[in-house]
Amino acid sequence: MATLPCLSVYAEPAEDEPRFISATSCEDRSPDVSALTTENRAVDQASLAAIKMSGFIQKKYPNLSPSVLDMIAYRIIDDHMYAVNHSITFNDDSHICVKVQGMVSISPETLQQLVEEYQSSEITPQQIAEVAEQVKENTTVKPQNLQDKKLVYIRKMLFWNGGETDAYRDLLTGLFANSTYFYITDKEDVADYSIMPQLVRAEVDEIDKANHKMQMQIRLETNATHNDDFELLEDVQNHFILFAADKDEQEVADGLIKKLLTRAADEMRRKLDKYLAETLESQIRKGQQEETPE
């Protein structure tokens with residue numbers, strides 16, 4: 001993503017005291033990238049700009065290579081930057097701009113240790129990307145307490161012929177476990193959202209006397225239990241496999257169902273996490289606006 005040249009920075013000059021830093025950065029929008037991801041990238045770039053353009057690292061260590069400077073800056077963001085907040089300064093269909101503010105507190109001794117650590121070894125682009133990804137994860141809005149996390153209920157899987165089964169609930173529970181934004185509950189009446197697995201299609205055709213083909217379609221839907229305005233989230237997975245005619249058809253079907261449910265669950269969890277993160281961010285912004293005096 002190209003970053004637009006609209007950076008503004010302010011930093012306290014004191015070397016051994018906490019310093020205020022601030023920067024604004026913009027990111028181009030892309031239809032293939034979510035709004036929250038683009039915003040997080042702008043936050044990441046603004047944080048990096050605030051550290052680098054404040055100049056306190058280069059002032060003491062003027063001969064650092066760009067890659068070493070980036071690594072040190074990312075480490076400072078990750079470990080020594082606090083009281084961080086960001087606000088959107090511009091937002092349209094083509095790009096988004098955010099302003100990041102925060103405090104940095106790092107002793108001269110710790111800064112020297114970072115410089116020595118990264119100057120002593122060659123920095124690869126992969127190392128920089130890994131540290132940047134960790135910083136982005138740390139700047140993503142997350143629930144601050146248990147009450148902010150939602151409850152999700154996984155229903156029985158429905159068949160195209162009206163039947164249903166509970167056989168895949170444990171599998172789906174494991175696939176949706178450990179989310180930052182929701183817990184799995186076994187009580188549908190208290191759930192905020194319900195995940196509905198469906199076996200939409202399952203057909204077996206004979207290729208020849210020795211080989212059969214199984215065609216299958218799985219759909220996962222997520223709906224809000226108590227919110228009629230929620231737009232249904234959906235993921236559909238299609239696949240077919242060839243198998244020997246003497247193989248157990250039910251065993252083949254079970255394996256294919258599990259494979260497609262795993263694919264669909266990965267996509268659905270990503271979609272639900274994205275929706276809940278954006279909802280939480282919106283709630284936080286609304287609360288900040290209400291607290292801000294006119």
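Taking strands (runs of 3 or more DSSP E) that do not extend beyond region 18-111, which have at least 2 residues that are in contact with a helix residue (DSSP H, G or I) (Cβ under 8 Å, 6 or more places away or on another chain) and farther than 25 Å from residue 283 by Cβ?
Working: elements: 19-28, 81-91, 95-104.
The qualifying strands (runs of 3 or more DSSP E) are 19-28.
Cβ contacts < 9 Å: first residue within 21 Å of residue 217 (Cα to Cα), restricted to region 158-185; second residue among the hydroxyl-bearing types (Ser, Thr, Tyr), any location; separation 6+ or different chain. Result?
158/165; 159/165; 171/262; 175/262
Identify all residues within region 17-39 that are buried (at least 16 other Cβ atoms within 10 Å of the Cβ) and within 14 Å of residue 85 (Cβ to Cβ); write none if there are none.
21, 22, 23, 24, 39
Regarding residue 265, is this residue within 29 Å of the chain's Cα centre (by Cα) and in the same structural domain as residue 178 (by TED's automatic domain parsing)? Explain how you work it out, then say what you get.
Details: within 29 Å of the chain's Cα centre (by Cα): yes; in the same structural domain as residue 178 (by TED's automatic domain parsing): yes.
Yes, satisfied.
(1) surrounded by 13 or more Cβ atoms within 10 Å (Cβ to Cβ); (2) in a loop (DSSP other than H, G, I, E, B): which one isn't true of residue 241, the others all being true?
(2)
Among the candidates 276, 232, single out the residue that is at pLDDT 85 or above, farther than 15 Å from residue 176 by Cα and either of a type in the set (Gly, Ala, Ser) or in the same structural domain as residue 175 (by TED's automatic domain parsing) (or both). It would help to see each step written out before you state the result.
Values: 276 fails: farther than 15 Å from residue 176 by Cα.
Only one candidate passes the filter, namely 232.
What do you reckon, is residue 88 in contact (Cβ under 8 Å) with a residue 12 or more places away in the chain and within 21 Å of residue 37 (Cα to Cα)? It would help to see each step written out before you state the result.
Values: in contact (Cβ under 8 Å) with a residue 12 or more places away in the chain: yes; within 21 Å of residue 37 (Cα to Cα): yes.
Considered against the rule, which asks whether it is in contact (Cβ under 8 Å) with a residue 12 or more places away in the chain and within 21 Å of residue 37 (Cα to Cα), residue 88 comes out as yes.
Can you name the residue in region 205-224 that is β-branched (Val, Ile, Thr) and modelled with pLDDT of 90 or more and is also surrounded by the most Cβ atoms within 10 Å (Cβ to Cβ) among such residues? Before the answer, list the steps.
If we filter region 205-224 for residues that are β-branched (Val, Ile, Thr), which is where we start, we get 207, 218, 222.
From what is left, the residues that are modelled with pLDDT of 90 or more are 218, 222.
Values: 218: 27, 222: 21.
Filtering region 205-224 for residues that are β-branched (Val, Ile, Thr) and modelled with pLDDT of 90 or more, the one surrounded by the most Cβ atoms within 10 Å (Cβ to Cβ) comes out as 218.
If I filter region 132-157 down to residues being assigned to a helix (DSSP H, G or I) and either touching a Phe, Trp or Tyr at 6+ places or on another chain (Cβ under 9 Å) or modelled with pLDDT of 70 or more (or both), which single residue comes out as farthest from residue 280 (Cα to Cα)?
Step one: filter region 132-157 for residues assigned to a helix (DSSP H, G or I), giving 132-139, 146-148.
Filter once more, keeping what is either touching a Phe, Trp or Tyr at 6+ places or on another chain (Cβ under 9 Å) or modelled with pLDDT of 70 or more (or both): 132, 134-135, 146-148.
Numbers: 132: 23, 134: 21, 135: 19, 146: 13, 147: 12, 148: 8 Å.
It comes out as 132.
Confirm whether residue 179 is assigned to a loop (DSSP other than H, G, I, E, B), of a type outside the set (A, V, I, L, M, F, W, C) and in the same structural domain as residue 281 (by TED's automatic domain parsing).
Spelling it out, residue 179 is indeed assigned to a loop (DSSP other than H, G, I, E, B), of a type outside the set (A, V, I, L, M, F, W, C) and in the same structural domain as residue 281 (by TED's automatic domain parsing).
The values are calculated or read from the model by the stated rules, or taken from the named source; none is laboratory data. All values derive from a computational prediction rather than experimental measurement. Glycine also receives a Cβ, built like all others from the backbone with ideal geometry; neighbour counts cover every protein chain displayed.
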